[in-house]
Amino acid sequence: MSTPSSPPAEPTTAQGDSVRQPGPLHGLVVADFSRILAGPYATMLMADLGAEVIKVESPNGDDTRHWVPPVRDGIGTYYLAINRNKRSIALDLKNSDDLKVAHALSAKADIFIQNFKPGGLAAFGLDYDSVAARNPRSVYCSISGFGAAGGKDLPGYDLLVQGMSGLMSLTGSPDGPPYRAGISVFDVMTGLHSVIGILAALRHLSETGEGQHIETNLLSTALSSLVNQTMAYVAGGVVPQRMGNAHLSLFPYEPLATGDGDLIVVAGNDGQYRKLMDVLGAPELADDQRFATVGARNDNREELRPYLLDLLSKKSAQEWFDNLTAAGVPCGPINDIKGGVEVAERLGLEPVVDIAGIPTVRNPVGFSKTPPRYDIAPPAVDADGDTIRKWLDGRGDLSTTPIDAESSDRRSA
């Protein structure tokens with residue numbers, strides 16, 4: 001893999017002591033020309049793993065800075081969620097001096113990622129062919145909504161893809177309207193797919209010395225991520241429809257009413273179903289041929305449902321949760337986000353880490369030797385512009401300054 005001419009310094013504590021060995025992506029520089037969600041999420045994950053991410057923004061900054069409420073210290077929490085461990089430089093690509101900086105960055109960075117409309121960067125000499133001419137080793141990732149062919153002119157908003165891919169046709173009550181997912185699910189998944197593609201291309205680069213162009217788009221991600229639902233159509237000729245909280249191929253696999261509220265109950269195989277019936281005190285229902293197999297339970301779910309609801313009504317959701325969990329039957333409550341964070345804390349997952357006074361949700365991947373870093377708070381617009389320009393001119397490096405020496409200035413709006 002290529003390395004920057006002045007590699008970033010190793011992470012330090014506020015006192016300057018080394019805290020761990022560099023992350024697995026240490027020494028790689030990412031030129032991040034993306035904005036909103038898919039690209040910034042991808043680059044944050046790489047930054048967590050040690051890459052030096054240079055976030056290139058317009059002078060007005062990433063749109064998500066202004067997506068409020070909610071806010072913390074005047075900044076949208078949406079922006080704060082996906083921009084830690086990055087450096088910010090503001091560039092107006094229509095300004096010739098700023099464009100020269102962008103060209104210099106594209107020539108020096110190991111990875112270039114952008115989510116402009118397909119073809120939108122060609123006029124600035126920042127399309128793949130132009131960047132590859134400056135830097136043949138560049139791993140260049142383009143993210144779009146609908147690809148660079150027939151969908152190149154379609155705006156790439158997650159909500160549009162949720163609707164056009166079929167996801168919304170599956171979400172909601174059978175007799176109600178379609179609903180979007182509670183997050184921009186395909187933006188996030190496309191960010192993940194982009195990281196997978198980039199890491200694979202880096203492996204190819206290390207073996208051959210060749211950079212390459214990676215393309216991801218929200219619609220392709222959506223169709224892949226709909227897994228069994230798209231497969232039901234393409235391989236089985238079945239067009240899935242909304243089933244509320246029910247599962248297409250399993251029962252029970254949904255929230256069910258108990259004596260005082262709903263509990264999610266799962267029987268993913270015949271063994272789990274038998275355990276469920278034993279705990280509920282109705283082992284005969286495990287031997288009933290109408291319900292003895294996954295396929296039979298699925299075919300006869302409306303006959304089985306009244307039995308389950310009657311049995312579950314005899315105790316509270318908490319009592320059933322305790323009893324079923326002890327027996328190895330998957331089940332759980334329906335929490336709000338606060339409850340979700342709290343259960344992760346109770347389970348010892350330590351979901352929240354603090355960076356310069358900003359709580360953030362930690363990277364979900366654990367490493368035994370090169371854990372993710374949480375060194376740099378999400379930056380203000382152009383917080384590192386001077387440092388980055390000096391580095392590009394060969395007059396400095398991108399060393400990670402101790403947090404307490406820079407956090408207030410870097411986070412000022």
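Observations, loosely collected:
- Spin-label pair SER224-ALA148: with each label point 7 Å from Cα along the Cα-Cβ axis, the two points sit 1.6 nm from one another.
- Between TYR179 and ALA81, the FRET efficiency from the beta-carbon distance, with R0 = 25 Å, is close to 0.65.
- Overall form of the stretch 229-303 per C-alpha gyration tensor (a/c, 1.5; a/b vs b/c): oblate
- Axis of helix 185-208 versus longest Cα principal axis of the chain: the two differ by about 50°, to the nearest ten degrees.
- Length added when fully stretched, SER169-VAL238, from 0.36 nm per residue minus Cα-Cα: 23.5 nm
- Projected label points at GLU319 and TYR157, each 7 Å from Cα along the beta carbon direction, are separated by 4.9 nanometres.
- If R0 equals 45 Å, the separation of the Cβ atoms of ARG137 and ARG305 corresponds to a calculated FRET efficiency of about 0.15.
- Between the beta carbons of ASP92 and GLU215, assuming R0 = 22 Å, the FRET efficiency works out to 0.25 to the nearest 0.05.
- Span from the the stretch 71-109 Cα centroid across to the the stretch 319-378 one, whole angstrom: 30
- Separation in nanometres of the label points that stand 7 Å from Cα toward Cβ, at LYS390 and ILE337: 3.8
- The stretch 265-302: trypsin sites (Lys or Arg not before Pro) falling in loop per DSSP and having at most 14 other Cβ within 10 Å: ARG290
- Nearest 10 degrees, 0 to 90: helix 270-280 Cα axis against the chain principal axis: 60
- A simple packing score, the average count of other Cβ atoms within 10 Å per residue, orders the peptides 363-373, 140-150, 31-41 as 31-41, 140-150, 363-373, with the highest score first.
- Relative to the current alpha-carbon distance between GLU284 and ASP63, full extension at 0.36 nm per residue lengthens the span by 73.7 nm.
No value in this document is a laboratory result; all are computed from the given coordinates. Everything quoted here is computed from the prediction, not taken from an experiment. Every residue, glycine as well, gets a Cβ built from its backbone with ideal geometry; the counts of neighbours run over all protein chains shown.
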